[in-house]
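Structure first, then comments.
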Amino acid sequence: MRIDIITCLPRLLDSPFSDSILKRAQEKGLVEVVIHDLRTYSMDKHRRIDDYAFGGGAGMVMMIEPIVRCFDALKLERSYDEIIYMSPDGEQFSQNMANELSLKGNLMILCGHYKGIDERVRENYITKEISIGDYVLSGGELAAAVVSDAVIRLLPGVLSDETSALTDSFQDGLVAPPVYTRPAEFNGLKVPDILLSGHEKKIEEWRFEQSVKRTEEKRPHLNKEK
Ligand code: ADE
């Protein structure tokens, strides 16, 4: 998979991709993440990528020209399965969407800023708009990192234990069961006996029951969506 992220603040995306699982996924050649500085596609000598909104009002709008110049340059190299725009009014991101995106080959992600991007970009070039939640971030960069992380960890070979992405919360419409590690007792706080019993089948049943109970308590809507 290849993910091209287009931003006017490229440094914001340095650290999420240079540590831990996402770093290793790139080193193993399972994903290529390329960050593009939108300002290098600007038409003017001040490298501006935003301008005042037609009709007035506070806040700047990201201009169509640098964005489309960047899209065109990238599309000359390869075709893209989705051209994604990160925006608080996009479709709500979910595990299902992460699963779907993980099956694609090439993704482009545009990060919005200021008052947003010229609507003509959304109408004519963007194929998918994603929000990570009903709150407004300063820009789309952190949201793009969230989406990329959720997608990349699903790619075959990225997680060392092949099954661990499958047992994540939400994968089967349930949140994950509680987990414990050593010591078996800490200041009188005990690990449930069943987990120490060595009885694999019973442990599996217990974990499933706990998942169902937790889902009902913490995410009751997940059961109803199924
Ligand atoms: N840009 C600003 N806020 C955002 C959000 N909640 N989701 C995606 N992109 C955003």
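A compact table of results
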| read-out | value |
| --- | --- |
| Residue in the range 96-106 that is part of a loop (DSSP other than H, G, I, E, B), assigned by TED's automatic domain parsing to the domain that holds Pro10 and within 14 Å of the ligand (Cβ to nearest atom) present | no |
| For Ile109: the one exception among (1) more than 12 Å from Val147 (Cβ to Cβ); (2) part of a strand (DSSP E or B) | (1) |
| Sole exception among (1) of a type in the set (A, V, I, L, M); (2) in a helix (DSSP H, G or I); (3) within 25 Å of the chain's Cα centre (by Cα) for Leu159, by number | (2) |
| Cβ pairs under 7 Å, 6+ apart, first in the range 69-80 and in the same structural domain as Leu110 (by TED's automatic domain parsing), second assigned to a helix (DSSP H, G or I) and surrounded by 15 or more Cβ atoms within 10 Å (Cβ to Cβ) | Arg69/Tyr41; Cys70/Leu38; Cys70/Tyr41 |
| Subset of the range 117-141 that is surrounded by fewer than 16 Cβ atoms within 10 Å (Cβ to Cβ) and within 8 Å of the ligand (Cβ to nearest atom) - its residue that is nearest to the chain's Cα centre (by Cα) | Gly133 |
| Scope the range 74-94; condition of a type outside the set (Asp, Glu) and either in contact with a Lys or Arg (Cβ under 9 Å, 6 or more places away or on another chain) or within 16 Å of the ligand (Cβ to nearest atom) (or both); matching residues | Arg78, Tyr80, Ile83, Ile84, Tyr85, Met86, Ser87, Pro88, Gly90, Gln92, Phe93, Ser94 |
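The values are calculated or read from the model by the stated rules, or taken from the named source; none is laboratory data. Note that this is a predicted model, so its numbers are computed, not measured. As a convention, Cβ positions derive from the backbone with ideal geometry for all residues, glycine included, and neighbour counts pool all protein chains shown.
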